[in-house]
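Everything on this sheet refers to the single structure shown next.
The values are calculated or read from the model by the stated rules, or taken from the named source; none is laboratory data. Just so it is clear, the model here is predicted, and its values are computed rather than measured. Cβ: placed from backbone, ideal geometry, glycine included. Neighbour counts: every protein chain shown. Ligands, DNA and RNA are excluded from the accessible area calculation, which covers all protein heavy atoms including side chains. Shrake-Rupley method; radii C 1.70, N 1.55, O 1.52, S 1.80 Å.
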Amino acid sequence: GIVPKVAMISYSTGESGSGDDVEKVREATRIAKARRPDLLIDGPLQYDAAAIESVGRQKAPNSPVAGQATEFIFPDLNTGNTTYKAVQRSANVVSAGPMLQGLNKPVNDLSRGALVEAIVYTIALTAIQAATC
């Protein structure tokens, strides 16, 4: 029952920055919007602009996602893994991930210190991915 609001995460929000890393997120956002026009997708967005309503209104006032993202897509495994662990442990929430997309078969990651809940969620999500391959 949660409407997906997908934030494509970068160190830059909107047009505030440039460089290869930001361009990669801009291009990924363009492709995602073209392939799934039915979804609310925006990027590049900094994590705070994607997750915190007041910051989203300030940094990306015309975004349908900023400040209310339900899905966070990171540009690479390093950034995704680092951020998800920081959020999981500091906010005391269950996080599953990183979930890798775009491969022929489901491939997902669990750290050595993964919590039991995260293992169960990752197994369930991997099974769903396998069923759709």
Under 5 Å, built H, 5+ apart or other chain: amide partners of Leu39: none
In the full protein assembly as shown, how much of Arg89 is accessible to a 1.4 Å probe, in Å² to the nearest 10? 140 Å²
Please determine, in degrees from 0 to 90 and to the nearest 10, the orientation of helix 20-35 with respect to the longest principal axis defined by the Cα atoms of the chain, where the helix direction is its Cα long axis. 80 degrees
Mean separation of Cα contacts under 8 Å, 6 or more apart, over the residue count of the range 68-131: relative contact order %: 23 percent
Using θ = phi - 60° and the Karplus relation 6.51 cos²θ - 1.76 cosθ + 1.60, list the HN-Hα couplings for the range 78-93 in order, rounded to whole Hz, with x at every Gly or Pro. 4, 5, x, 5, 4, 5, 5, 5, 4, 5, 4, 6, 7, 9, 6, 10
Treat every Asp and Glu Cβ in the chain as -1 and every Lys and Arg Cβ as +1, leave all other atoms uncharged, and give the resulting dipole magnitude about the Cα centre to the nearest 20 debye. 200 debye
Over the chain, give the accessible area per residue in Å² for a 1.4 Å probe, as an integer. 64 Å²
By its C-alpha gyration tensor, with a ≥ b ≥ c as the square roots of the eigenvalues, how is the chain shaped: rounded for a/c under 1.5, else prolate for a/b larger than b/c, else oblate? prolate
For a test of the definition: using alpha carbon positions, the gyration tensor, and the 1.5 limit on a/c, classify the range 7-67 as rounded, prolate or oblate. oblate
Normalised by the number of residues in the range 1-111, what is the relative contact order in percent for Cα pairs under 8 Å and 6+ residues apart? 26 percent
Which of rounded, prolate, oblate describes the range 36-83, given a ≥ b ≥ c as roots of the alpha-carbon gyration tensor eigenvalues and a/c under 1.5 marking rounded, otherwise prolate only if a/b is larger than b/c? oblate
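What is the Rg over Rh value, at two decimals, for the range 70-133, using alpha-carbon atoms and the Kirkwood definition of Rh?
Taking Rh as the inverse mean 1/r over Cα pairs, Rg/Rh reads 0.95.
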Which whole-Hz ³J(HN,Hα) couplings does the range 122-133 yield from phi under the Karplus relation 6.51 cos²θ - 1.76 cosθ + 1.60, θ = phi - 60°, glycine and proline marked x? 5, 4, 4, 5, 5, 5, 5, 4, 5, 5, 9, 6
Once both label points are put 7 Å beyond Cα along the C-beta direction, the Gln101-Val87 separation in nm becomes 1.4 nm
